[in-house]
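Undergrad: Take a look at the following structure, please.
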Amino acid sequence: MVQITFINSEQKIVEAPENSNLLRVSIKERGGIPFKCGGGLCGTCKCLIEQGIENTDKIKPKERKHLKPEDFEAGYRMACQTFILGDVEVSW
Ligand code: FES
């Protein structure tokens, strides 16, 4: 299991199986990450991986349509396109 901390939701901490989709965990556990499409189209789920960016999977082409290289460098991802491989802390 991996630990996901939703910083904006009063530091809500949940556990999820490794390789879980970040947005799906947020929806299931009421983590609070904003979203609309859930499919990589709208960009609403942009979030900042404040700790554990190394514990996320590779950046998807759909993310590159909404986020700039400097966003990725700063740790931003789109939650609906991101799978979690280890502990992370996320804000939005
Ligand atoms: S929810 Fe629309 S891009 Fe992620």
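Read the figures in this text as sums done on the coordinates, not as results from a lab. Computed from a predicted model, the values in this text were never measured in an experiment. Positions of Cβ are generated from backbone atoms using ideal geometry, with glycine treated the same way; all protein chains shown enter the neighbour counts.
Undergrad: Using θ = phi - 60° and the Karplus form 6.51 cos²θ - 1.76 cosθ + 1.60, what ³J(HN,Hα) does each residue of segment 69-78 get, whole Hz, x for Gly and Pro?
TA: Here the 3J(HN,Hα) series is x, 5, 5, 4, 4, 6, x, 7, 9, 9 Hz.
Undergrad: Given H placed 1.01 Å from N in the peptide plane, which residues other than close sequence neighbours of L85 have an amide H under 5 Å from its amide H?
TA: For L85, the qualifying residues are N19, T56, D57.
Undergrad: Please list 3J(HN,Hα) in residue order for segment 83-88, calculated via the Karplus relation 6.51 cos²θ - 1.76 cosθ + 1.60 where θ = phi - 60°; whole Hz, with x for glycine and proline.
TA: 10, 9, 9, x, 5, 9
Undergrad: Enumerate the calculated ³J(HN,Hα) couplings along segment 60-65 in order (Karplus 6.51 cos²θ - 1.76 cosθ + 1.60, θ = phi - 60°), each rounded to whole Hz, writing x wherever the residue is Gly or Pro.
TA: 8, x, 4, 5, 5, 6
Undergrad: Same structure, new question: Relative contact order for segment 9-62: what is it in percent, counting Cα pairs under 8 Å that are at least 6 residues apart?
TA: Computed value for segment 9-62: 23 percent relative contact order.
Undergrad: Of the beta bridges DSSP finds with both residues in segment 2-91, what % are antiparallel, to the nearest 5?
TA: Antiparallel bridges: around 80 percent, rounded to the nearest 5.
Undergrad: What fraction, in whole percent, of alpha-carbon pairs in segment 1-56 exceed 16 Å separation?
TA: 40
Undergrad: Now for a different question. Rank by packing, highest mean first: peptides 14-22, 53-61, with packing defined as the count of other Cβ atoms within 10 Å averaged across residues.
TA: Result, highest mean Cβ count within 10 Å first: 14-22, 53-61.
Undergrad: Next up: Amide H of C42: which non-local residues (sequence gap of 5 or more, or other chain) have their own amide H closer than 5 Å, using H built in the peptide plane?
TA: Answer set, sorted by chain and number: C37.
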